[in-house]
Each structure stands twice: as C-alpha cells, then as structure tokens.
Amino acid sequence: MPFGAQTQKNGGVRFRLWAPNARRVELCLENPNSLELQLKPVDSGWFELTTGEASSSSRYRYRIDGSVTVPDPASRFQPEDVHGPSEVIDAQAFEWTDYAWRGREWEEAIIYELHVGAFTPEGTFCAVEGKLDYLRDLGVTAVELMPVADFPGARNWGYDGVLPFAPDSSYGRPEDLKRLVQAAHAKGLMIFLDVVYNHFGPDGNYLRVYSPQFFTARHHTPWGDAINFDGPDSRVLRDFFVHNALYWLEEYHLDGLRLDAVDAMVDDSKPDMVTELARVVRGRFGHERSIHLIVENGNNEAYLLRRAQDNRVELCTAQWNDDFHHAMHVLITGESDGYYADYVRQPVQQLGRCLGEGFAFQGEHSEFHGGNRGEPSAGLPPSAFVSFLQNHDQVGNRAFGERIQHLARPEMLKAALEILLLAPAPPLLFMGEEFAAASPFFFFCDFKSDLASAVTAGRRNEFARFAKFNSAQTRDMIPDPNAEATYRQSKLDWNSLNNPLHAGWQQFYRELLSIRQRNVVPRLKEMFGARGEYCAGPGRSLSVDWRLANGKRVQLRANLGKEPVPVNMSPSGTRFYESSKATAEAFAGGILLPWSVVWSLGL
C-alpha cells in the first residue's frame, strides 16, 4: 500500500503521508518511548520515513508544520478513536487458515445485512462470530456488514467514517474482524463490507489541514463538497480509494464490497471512479477468487452492471434495487409520501418490470427526482439486482424506525416475502426481520456539543415536509440520534425468539429460503440474457415468466389485492410453491385468492 504505515521484513516501519500543503511533517511516536522524527519530502507532496524506532503496535501521529497533530489518514487502527494516535498493524501477522476458500458464486447469494453494534448485546466482531451458525442455519449465504471504518464516538451507523482503513475500535481490534471473516468462510458463508467513498464524516477528518486537494467545490453532495475524483491532483485521491478497496479484499479476505451511494461519487472523467475501481478489482483477482461488487445507485445506471457474452461480470456484480422495494412497499402499506409518490399510480406494473427487467425507471420521468431517471436494463440477468423489503435505510430513515411488520398486515407481508425470497434476484434481509423483531432501528450517532445539536435538529427538520410531522411539537417526539438510549433501543432482542409469534416468522423465512435453495438457485445461471415477461392482470394480479436456457420457464402468479381474481396466463408444469392449501385449490379452479402467490416450473 503506498499510504500509511507499513512494517518492513527486516524490521522497522515505513511511514508515508501525502501532504501537499505542508512544509514540514514530523512523526510523533508515543510508545514505548516518546520520540519525534522528521519525514523527508520526496515528490509531488509526499513525505516518507523508514525507521527502526517503530514496530508493530507502536502508536503515532503526524505533526503538520510544527502545530497541528493528526492521525494517519490511512491508519489501520485507532485504539483511542478518531482524534487519538494511530497504531502500527503488521499486515502479515494474522495466521490465516482459509486459503482453500475461493468464495461462492453470486447466484447463490442470500444476503443478511447487519450493524455490528446493534446486532448483538455485546456489539462486537466477536459477538457476530458467535451468531454465524444461526445465520447459516437460517439459510443465509452472505453476511453484509454496515460500514465499520472508524467513526467519531462510541456509536454510529458507519456512514460518518473518517478513517476508511481502520475498523472502529468499539467493535474490536483488526484481528477480531479477521477472525470473523475466517470463521464465516469455515461455515461456507461469504462476508461483504459496506464502504463509503462519496464523503467523509463531519468530525475527525483532518485532511483539509494538509491535503485539501481531497475535496472540490466544483461538485456537491448531500454532505457538502464532493471528493475530488476528476480535478487537479485527483490521481492520488483515486489511488487512495482503489487501494482501500483492495485492502479490505486482500488484507481481510472479504468476499465483496457494497459501494454506498455511487451516484454521489461525482466524476466527469473517463473512466469514472467506479469503473476504474471495478476494473482494478477484476484485474487483480481474475478467476483466483469470486469477488462481488454491489452498488447503491439512485441513478439506475445499467452500464455498471453489464455482462460479457459468457455471462462474466465486467464491472459491478449487482445493484440494490430501490425500485423493487418502493413498488412493493406501496402495495402492502399504501404509503405515498416522498419517493413513494413515483410508485402510486402503477405499483403492480412497476413491480412486474422490476422482476422481469430490473429497474422500474429505465429513463422515464421521475417526479421525485425532478427529471428522467435510469437506463435500459432489460438485457441484464435477474442476478444483477438485489431485492429487499427492508434494509438500514428503509427502516432507519423512518422517523420512528418502524419495521415493515408494523406497517403491513401479516397476510400482505407474507405474500411480499413469497415473491422476494423465491424470485430470481438475490434477496437481502435486514437483521432481525426474519423473526419480525419488535425493536425499531433508529438513526443514531455520538457527536458532541454544537455538532450534536445541529444533527439532532437537522434530523427532525428532514421530516417537516411530511404531513404527519408538520408541527414542531410532533417533530420533537422523534428520538434524539445522539442519545445513547436511541442506540440501545435499536439493538436486537434475541430473547424474543422464545415467543411463538417471532419463532413462527423465523420458521417461515427458513422454509422459503430452503425452497429457494432447492428450486430457484440451481436454475439462475440458465436465465442469462433472458428478460422476464410480465403482465399486470385483473385487480392487483401479476404474472411473470422467466425463460431458461433449456426452454423451460420459472413462473410467478400473484394476487396482491384484497379481492379474488381470475388467473391470468395460467402456468403449465410443476408448482413448487403455493401460499396455502386453499390457494392451491382455488388456483386449480382458475382463481387467485387475495394475497396469494404460486410459483411453478413449466414449459
């Protein structure tokens, strides 16, 4: 890695910092003995020093121009949080035992998103490791960690990270995360990490002191000035994030990354940053390991998901499909505020398009976005789109963190799950949804003084445009994101599994995921290049057929309304799932009962 502190084979440590606005940079070693050493300027704003005075576990900072003392922006660990010293980590010290692991094919992906701190009472990497058997037995094949890069304070969603190479110390040490990855592989589980390359958090980011070139005022994001991916000195910036991706994949043996909000990685250069990063990752690993890159992208840019003629992923593996979520959410909750307004007129048609072609918006006008949105996606396989009913955003960005079972009746939710978990697109679950967790998932953080007050006020004012929050008194009821109680309430209550209601939901998920493994996953590779044929029928009924390479079809017939409807395009072949015995009997007579789903493998 060209950045940060690197232990040397013959002893000592090489320190390297890009500080183009600094005249002088000193290394301040804090243990075992305090010592200050001057880094040598090399070229193009770089400062460097190799010294035998430091070793693995040494703590250090950089002093810029004799005044400001800062942590290493490429620190591998911050034992005393973002404002404290960095710690030298020997990248070769951990003894890996998973070298036979080559990953899993993407078509097998059943993803479980979790927040390390809120997933267990302990809130650590080690505690997540203790739940891996549970996840495997549930039917999950991939664990996706919300961002773990070092953030200010003791609690945070992770999207306010400021030191992207350092796992946050509140979760444990780097070796704890490596043990978690290794244990997941031993149980046949992939493990992904959410990374944030579109902005730095507001507290603990010292880059503007010595390398303001990291930022540009030419582009803007919801969080302020954009990262400088396409202006002067952007080569170093691009390398910083490319190496961060390689760092997590190589040094931590992770199986993939979820790239947060790539639409906010504003970049007018060619190739753009996401394309370059994906190409480097594909070139580095080739066929050696199965590496998966998943994007969140409000622009619905299909080019990032393109496949080669042999179905090989060229750039990114898949995208979180917000369109699927929004259409389904409108159907089962009736909500129409905010971005849901784009899905109120034709939710069944839009859901069918998501299932058959990927995006609901493929260049059409979006009222919420104020312009045309998306690119044609019908030529992409279903595996290019990750579907979900819940994730951290869709739960946590609600004012009171309500989960879907608090918003939709059980029969509606079950029908939605029968589509989500058995459709060809890889499904994503959000922690606790499989047992209908009663705990909310709030937005939480741990900022101090004026910043804390500003974030609390800003969070509440975000909801002022919604009718139910048009009074300040109502908005004041929204939980304070900085309060420790808000975080505590967001933790999963695992004891609820002793309740028959919650245990029943968990069994429902297990059964559906087992059916998916037997009947859907083996056929996904045969769906390459074949768009699904979809049709919105009478009432709220939906038919979708996916043609397989062998001429057969996977067929969905669903009624997402409260009235029975005649079957539209009755499937032929073997039915591998029906919502109930009553569903089967009515279907045989040409009727789809309310909130019922039928899956078949036919000709």
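The values are calculated or read from the model by the stated rules, or taken from the named source; none is laboratory data. This is a predicted model, so every value here is computed, not measured. Cβ coordinates were reconstructed from backbone atoms using ideal geometry, including for glycine residues, and neighbour counts include every protein chain displayed.
Restricting the first member to region 113-133 and to residues that are touching a residue at least 24 places away in the same chain (Cβ under 8 Å), and the second to residues that are outside any loop (DSSP other than H, G, I, E, B) and among the basic types (Lys, Arg), the beta-carbon pairs closer than 8 Å and six or more apart or on different chains are 125/179; 126/179; 129/179. Residues in region 44-102 that are within 17 Å of residue 152 (Cβ to Cβ), surrounded by fewer than 22 Cβ atoms within 10 Å (Cβ to Cβ) and hydroxyl-bearing (Ser, Thr, Tyr): 69 alone. Scanning region 242-271 for residues that are surrounded by fewer than 19 Cβ atoms within 10 Å (Cβ to Cβ), over 15 Å from the mean Cα position of the chain (by Cα) and acidic (Asp, Glu) returns 250, 251, 268. Across region 336-348, the qualifying residues are those that are in a helix (DSSP H, G or I) and touching a Phe, Trp or Tyr at 6+ places or on another chain (Cβ under 8 Å), and the one among them that is nearest to residue 532 (Cα to Cα) is 342.
Residue 200 falls short on exactly one of the conditions (1) surrounded by 20 or more Cβ atoms within 10 Å (Cβ to Cβ); (2) without any contact (Cβ under 8 Å) to a residue 60 or more places away in the chain; (3) not assigned by TED's automatic domain parsing to the domain that holds residue 236, and that condition is (3).
I need the full set of residues from region 360-382 which are over 17 Å from residue 534 (Cα atoms) and outside any strand (DSSP E or B), in order please. Even if it seems obvious, please write down each step before you answer.
Quick first cut of region 360-382, residues over 17 Å from residue 534 (Cα atoms) only: 363-375.
Passing the criteria: 363, 367, 368, 369, 370, 374, 375.
Can you go through 400, 385, 359 and tell me which one is within 27 Å of residue 307 (Cα to Cα), among the aromatic types (Phe, Trp, Tyr) and touching a residue at least 60 places away in the same chain (Cβ under 8 Å)? Sole residue among the options that is within 27 Å of residue 307 (Cα to Cα), among the aromatic types (Phe, Trp, Tyr) and touching a residue at least 60 places away in the same chain (Cβ under 8 Å): 385. Against the numbered list (1) out of contact with any Asp or Glu (no Cβ under 7 Å at 6 or more places or on another chain); (2) part of a loop (DSSP other than H, G, I, E, B); (3) polar (S, T, N, Q); (4) closer than 19 Å to residue 197 by Cα, residue 300 comes up short only at (1). Taken over region 588-599, residues that are within 18 Å of residue 555 (Cβ to Cβ) and in contact with a Leu (Cβ under 8 Å, 6 or more places away or on another chain) amount to 3. Tally up the residues in region 303-328 that are part of a loop (DSSP other than H, G, I, E, B), surrounded by 20 or more Cβ atoms within 10 Å (Cβ to Cβ) and touching a residue at least 60 places away in the same chain (Cβ under 8 Å), please. Adding up the residues that qualify gives 2. In region 252-282, of all residues being of a type in the set (Gly, Ala, Ser) and in a loop (DSSP other than H, G, I, E, B), the one that is nearest to residue 103 (Cα to Cα) corresponds to 261.
Among the conditions (1) of a type in the set (Lys, Arg); (2) crowded, with 19+ Cβ neighbours inside 10 Å; (3) more than 21 Å from residue 18 (Cα to Cα), the only one that residue 218 does not satisfy is (2). Annotation: residue 539 fulfils all but one of (1) out of contact with any strand residue (DSSP E or B) (no Cβ under 6 Å at 6 or more places or on another chain); (2) assigned to a loop (DSSP other than H, G, I, E, B); (3) not polar (S, T, N, Q); the unmet one is (1). For region 32-91, filtered to residues that are touching a residue at least 40 places away in the same chain (Cβ under 8 Å) and not in a loop (DSSP other than H, G, I, E, B), the residue that is nearest to residue 165 (Cα to Cα) is 86. All of 593, 601 fail the test of being of a type outside the set (Lys, Arg) and without any contact (Cβ under 8 Å) to a residue 40 or more places away in the chain, apart from 593.
Pick out the one residue from 245, 226 that is assigned to a strand (DSSP E or B) and among the hydrophobic types (A, V, I, L, M, F, W, C).
Numbers: 245 fails: assigned to a strand (DSSP E or B).
Residue meeting the stated conditions: 226.
Applying the selection to region 121-133, what residues are closer than 17 Å to residue 181 by Cβ and surrounded by fewer than 23 Cβ atoms within 10 Å (Cβ to Cβ)? Give the derivation first.
Narrowing region 121-133 to residues closer than 17 Å to residue 181 by Cβ: 124-133.
If the condition is that a residue be closer than 17 Å to residue 181 by Cβ and surrounded by fewer than 23 Cβ atoms within 10 Å (Cβ to Cβ), then 124, 126, 127, 129, 130, 131, 132, 133 are the ones that fit.
Is there any pair with a first residue in region 474-500 that is in contact (Cβ under 8 Å) with a residue 12 or more places away in the chain and a second that is among the charged types (D, E, K, R) whose Cβ atoms are under 7 Å apart and which are 6 or more apart or on different chains, and what are they? Close Cβ pairs satisfying both conditions: 475/460; 476/460; 478/459; 478/460; 481/459; 482/446; 486/480; 487/155. Looking at region 392-403, can you tell me whether even one residue there is charged (D, E, K, R), over 23 Å from residue 112 (Cα atoms) and at pLDDT 95 or above? No; the residues of region 392-403 include none that is charged (D, E, K, R), over 23 Å from residue 112 (Cα atoms) and at pLDDT 95 or above. Just one of (1) over 23 Å from the mean Cα position of the chain (by Cα); (2) at negative phi fails for residue 311. It is (2). Residues in region 146-167 that are free of Cβ contacts under 8 Å to residues at least 60 places away in the same chain and out of contact with any His (no Cβ under 8 Å at 6 or more places or on another chain): 148, 149, 161. Given 174, 167, which one is in contact with a strand residue (DSSP E or B) (Cβ under 6 Å, 6 or more places away or on another chain) and either within 30 Å of residue 108 (Cα to Cα) or aromatic (Phe, Trp, Tyr) (or both)? From the options 174, 167, the qualifying one is 174. From the list 584, 549, the lone residue that is outside the structural domain of residue 108 (by TED's automatic domain parsing) and under 23 Å from residue 383 (Cβ atoms) is 549. For region 458-480, taking the residues that are surrounded by 12 or more Cβ atoms within 10 Å (Cβ to Cβ) and not in a loop (DSSP other than H, G, I, E, B), the one that is nearest to the chain's Cα centre (by Cα) is identified as 459. The residue of region 537-556 that is nearest to residue 574 (Cα to Cα), among those that are buried (at least 16 other Cβ atoms within 10 Å of the Cβ) and among the small types (Gly, Ala, Ser), is 543.
Is there a residue being in a helix (DSSP H, G or I), small (Gly, Ala, Ser) and surrounded by fewer than 19 Cβ atoms within 10 Å (Cβ to Cβ) anywhere in region 427-449? Yes, the conditions are met somewhere in region 427-449.
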